[in-house]
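The values are calculated or read from the model by the stated rules, or taken from the named source; none is laboratory data. Since the structure is predicted, the reported quantities are computational estimates derived from the model, not experimental observations. Heads up, the Cβs are rebuilt from the backbone with ideal geometry, glycines too, and the neighbour counts pull from every protein chain shown.
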Amino acid sequence: MEQLGYIKSEINLDAIFSALADPTRRAILSQLAGGQACVNEIAAPFEMSQPAVSRHLKVLERAGLIERYVDEQRRPARLKAQTMTIAVDWLTEFKQFWGASFDQLDDMLVQMKQVKGKEADYE
């Protein structure tokens, strides 16, 4: 029996969501969406040291969200967007549930308006 949300993959879904849970790491991913960058370029908009940024990059790299490579004396990082599709696919499993829940809420609001309209007619 397969668990709901179980994804057979080398990529750890928990590591992806854990990495995405931190606002600094999300900001780094947004920055890397514009292109590759090295640690001092990534650190520039943040009020933190380069070693602190490097620790965030290691978390993102272990989660498979970025990759780093050696380019002479630099180690630029670049986004690995295909890994994020695993998280998106997992969340998409709940799209039908969300749609049904919103439809039920819409129906309830329509019913409440109809009842309120009938009460106003009797006043």
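Quick look at the values:
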| item | result |
| --- | --- |
| Those helices (runs of 4 or more DSSP H) lying entirely in region 1-78 with at least 2 residues over 17 Å from Trp90 (Cβ atoms) and at pLDDT 95 or above | 23-32, 50-62 |
| Criterion (in contact (Cβ under 8 Å) with a residue 24 or more places away in the chain and surrounded by 10 or more Cβ atoms within 10 Å (Cβ to Cβ)) met by exactly one of Arg75, Arg68 | Arg75 |
| Members of region 79-93 that are touching a residue at least 60 places away in the same chain (Cβ under 8 Å) and either closer than 20 Å to Thr24 by Cα or assigned to a strand (DSSP E or B) (or both) | Thr83, Met84, Ala87 |
